[in-house]
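Following: one structure in structure tokens, then a few remarks.
FYI, it's all coordinate maths here, none of it is from the lab. Every value quoted in this text rests on a predicted model; they were computed, and no experiment measured them. Note: ideal-geometry Cβ built from the backbone for every residue, glycine included; neighbour counts use all protein chains shown.
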């Protein structure tokens with residue numbers, strides 16, 4: 001059984017009194033431990049699909065199963081709890097809490113887990129080490145470079161050891177050097193930990209780093225390319 | 001439980017890091033709380049001083065149709081005639097000289113009383129001694145609030161209204177009139193106030209009746225006794241006398257209460273508006289927290305936690321400073337020689353602090369609800 005199963009998934013928005021079909025009867029399966037890039041032109045439904053996979057938006061119709069859970073059956077709070085256990089989300093603009101240090105930002109999702117202080121500390125330190133920021137614990141986001149901020153955001157997404165790592169254009173706001181560093185990190189996570197990753201990108205070069213590229217057009221699956 | 005503590009910790013951390021915002025909000029709440037507590041204390045003091053209660057035994061005999069100590073003059077010999085009336089337990093002739101007859105926050109009131117009467121009253125002193133006062137013709141026992149206001153200690157000299165006295169003791173009393181007066185020898189004050197004129201004149205008589213239920217009856221009998229005399233009297237219960245003499249101050253206190261209540265409501269409105277704006281400004285932060293898995297209740301707890309923190313800190317700080325200022329400054333409204341002091345009641349300060357805490361929670365209730373109910377996708381797109 002696939003980790004993610006989308007069957008006839010639809011998402012409509014009302015815009016100016018008209019229904020816009022952002023996702024149109026999408027069928028897609030993503031395997032556990034895979035590394036998938038979602039590509040497509042603007043408005044093709046990439047980010048909407050990512051939001052549905054993360055449980056931060058709801059499908060209009062169709063079925064979406066993630067790790068056997070039908071997300072449509074969960075209410076707002078159940079969905080939030082489910083996210084805290086199964087999803088790590090990396091935003092394009094990092095979205096770190098500006099008044100918290102790198103350590104505290106990474107610690108945030110663990111506040112929702114019943115852990116001892118020592119265990120929480122161990123996990124935060126480990127997550128920051130895994131993104132090569134062991135010496136930046138006390139730095140506030142404004143004291144970090146864009147690349148470092150994004151690495152903190154990745155550490156925050158990984159610290160709960162999520163089933164699924166979702167990233168919405170994680171390199172979209174970074175220069176080439178920092179983008180490569182983030183992609184190297186994703187590649188290492190996938191190879192060494194078997195982390196399932198689904199990443200939205202506009203950049204062909206970034207997409208080539210993934211095992212598989214899923215292309216969407218007008219809310220439908222256009223094609224799937226598997227890297228050699 | 002752990003989860004709730006974690007969210008409260010997040011709220012504390014966030015408040016600590018947004019230092020300027022937190023300090024400004026706490027200062028606003030503290031000022032409002034201090035203002036509210038001070039107004040309540042003044043209001044209580046006014047009610048204490050002017051509301052006639054069952055059990056009241058004090059009467060003040062004044063010259064009829066006179067309302068200022070400068071104008072009220074009664075022969076001292078009336079004390080014997082008043083003392084002979086049925087129902088009268090004690091009579092003290094009092095000469096009053098004030099530095100200012102109008103409404104003011106810093107009036108020096110000299111009250112001249114006979115030595116024997118003062119000893120019979122067994123006044124409580126926090127410093128100095130009655131024996132020293134007895135031996136000094138120009139000695140004075142100064143009320144605690146007047147002493148605090150003027151920075152007086154035993155041995156200090158006090159000069160006002162052309163009269164100079166030496167402080168022989170600091171007087172404690174439940175009566176605001178005494179806490180705000182300088183008690184001198186009656187003869188000394190009569191001599192200084194007469195300025196070459198005749199002595200034997202007093203301003204008023206403080207009368208104690210033996211049975212509170214006969215208060216009005218004794219007052220009438222005193223006025224009847226002197227109705228056709230050279231100096232007709234007007235006798236009232238002490239609280240009614242204070243209420244009449246200080247009616248402008250009472251009106252002023254009532255007016256300031258209204259302004260104060262308005263200020264408290266305005267401050268609450270400002271706090272609520274600020275919290276709404278702060279929450280709106282943090283919409284994206286809350287969206288991130290929601291994405292990480294914080295529930296509606298979790299987000300609400302964080303917003304309410306910050307409101308509660310601001311309310312609690314501001315409340316404690318405001319109530320504490322109001323208590324400190326009112327207790328140390330010795331403020332009292334005075335007019336026509338009577339004083340009305342704020343009453344420092346612990347329950348008022350506790351209530352003010354609790355109200356500030358509740359206001360902090362209340363001001364953040366709507367922002368907390370809004371933040372928790374916002375649509376996550378809209379927030380992540382940059383909406384609020």
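Using only the alpha-carbon atoms, how far is helix A:146-158 inclined from the longest principal axis of chain A? Give it as 0 to 90 degrees, nearest 10.
80 degrees
Provide, as a two-decimal number, the C-alpha radius of gyration of region B:206-272 over 2.2 N^0.38 Å, N being how many residues it has.
1.87
Highest GNM mean-square fluctuation, chain B, Cα pairs closer than 10 Å: which of B:139, B:269, B:360?
Maximum fluctuation in the GNM of chain B, among the listed residues, is at B:269.
Please compute the alpha carbon radius of gyration of the protein assembly as shown, then divide it by the globular-protein estimate 2.2 N^0.38 Å. Two decimals is fine. Numbers along the way, then the final one.
Details: Rg = 39.1 Å, N = 612, 2.2 N^0.38 = 25.2 Å.
In units of the 2.2 N^0.38 Å rule of thumb, it is 1.55.
Only bridges with both residues in chain B count here: give the DSSP antiparallel percent, nearest 5.
80 percent
Give me a single rounded figure for A:104-113: the average over its residues of other chain Cβ atoms within 10 Å of their Cβ.
Details: counts 4, 2, 0, 2, 7, 5, 2, 12, 10, 4.
Partner Cβ neighbours, averaged per residue: 5.
Over region A:91-228, calculate the relative contact order: mean separation of alpha carbon pairs under 8 Å at least 6 apart, over the residue count, as a percent.
24 percent
At what distance in nm do the modelled label points of residue A:227 and residue A:2 sit from each other, each positioned 7 Å from its Cα along Cα→Cβ?
My value for the distance between the label points is 2.0 nm.
Give me the base-10 log of I(q)/I(0) for region A:1-118 at each q in 0.15, 0.17 Å⁻¹, Debye formula, one uniform scatterer per Cα, rounded to two decimals.
Log10 of I(q)/I(0), two decimals: -0.81, -0.99.
Please compute the Kirkwood hydrodynamic radius over region B:253-301, one decimal place, Å, based on all pairs of different Cα atoms.
Evaluated on region B:253-301, it is 13.1 Å.
For residue B:373 and residue A:25, FRET efficiency with R0 = 35 Å and r from the beta-carbon atoms, rounded to 0.05?
Numbers: r = 31 Å, r/R0 = 0.88.
Efficiency for this residue pair is about 0.70.
May I have the pair-distance distribution P(r) for region A:1-49, computed from all Cα-Cα distances with 10 Å bins from 0 and rounded to whole percent?
Percent of pairs per bin, in order: 23, 47, 23, 6, 0.
So what is the calculated 222 nm ellipticity per residue for the protein assembly as shown, using -39500 (n - 2.57) for each DSSP H run with n of 4 or more, over all residues, to the nearest 500 deg cm²/dmol?
-15000 deg cm²/dmol
Looking at the protein assembly as shown, send over the antiparallel percent of its DSSP beta bridges, to the nearest 5.
70 percent
Using a cut-off of under 19 Å, list every residue of region B:278-305 whose amide N is near the label point 7 Å from the Cα of residue B:13 along the Cα-to-beta-carbon line.
Hits in region B:278-305 for residue B:13 at 19 Å: B:282-305.
Equivalent ellipsoid semi-axes for region B:75-197, as square roots of 5 times the alpha carbon gyration tensor eigenvalues: give them largest first, rounded to whole Å.
23, 17, 15
Starting from the exponent 0.38 and prefactor 2.2 Å, build the expected Rg for chain B from its residue count and divide its actual Cα Rg by it.
Normalised Cα radius of gyration, chain B: 1.35.
Stokes-Einstein D for region A:77-120 at 25 °C, 0.890 mPa s, Kirkwood Rh over Cα pairs, in µm²/s?
In µm²/s, the coefficient rounds to 207.
Work out the P(r) tail for region A:115-228: percent of alpha carbon pairs separated by more than 24 Å, whole number.
30 percent
Along the principal axes of its C-alpha atoms, what lengths does region B:166-280 span, in descending order and rounded to whole Å?
For region B:166-280, the Cα extents along the three principal axes come out at 76, 40, 27 Å.
Treating the angle as unsigned and between 0 and 90°, give the value, to the nearest 10°, between the Cα long axis of helix B:346-373 and the longest Cα principal axis of chain B.
20 degrees
Taking the 0 to 90 degree range and rounding to the nearest ten, how far is the long axis of helix B:283-292 tilted relative to the main principal axis of chain B, both from C-alpha atoms?
60 degrees
Based on alpha-carbon centroids, what's the gap between region A:44-105 and region B:33-50 in Å, whole number please?
Centre-to-centre distance over Cα atoms comes out at 55 Å.
At 7 Å along Cα-to-Cβ for each site, give me the label-to-label distance between residue B:101 and residue B:231 in nm.
1.6 nm
Using just the C-alpha positions of region B:161-229 as equal point scatterers, what log10 of I(q)/I(0) does the Debye formula give at each q in 0.18, 0.19, 0.24 1/Å?
-0.97, -1.00, -1.11
Calculate the length of the line joining the C-alpha centroid of region B:52-73 to that of region B:198-227, in whole Å.
The two parts, judged by their Cα centres, are 9 Å apart.
What distance in nm separates the two pseudo spin-label positions at residue B:276 and residue A:76, each 7 Å out from Cα along the beta-carbon direction?
Placing both labels 7 Å beyond Cα along the Cβ direction yields 1.9 nm.
Average the reciprocal distances over every distinct pair of alpha-carbons in region B:286-384, invert the result, and give the Kirkwood radius in Å.
16.2 Å
Taking only Cα atoms of chain A, what ratio of Rg to Rh do you get with Rh as the Kirkwood inverse-distance radius?
In chain A, Rg relative to Rh is 0.97.
Can you give the average number of partner chain beta-carbon atoms within 10 Å of each beta-carbon in peptide A:89-96, as a whole number?
Rounded to a whole number, the mean comes out at 3.
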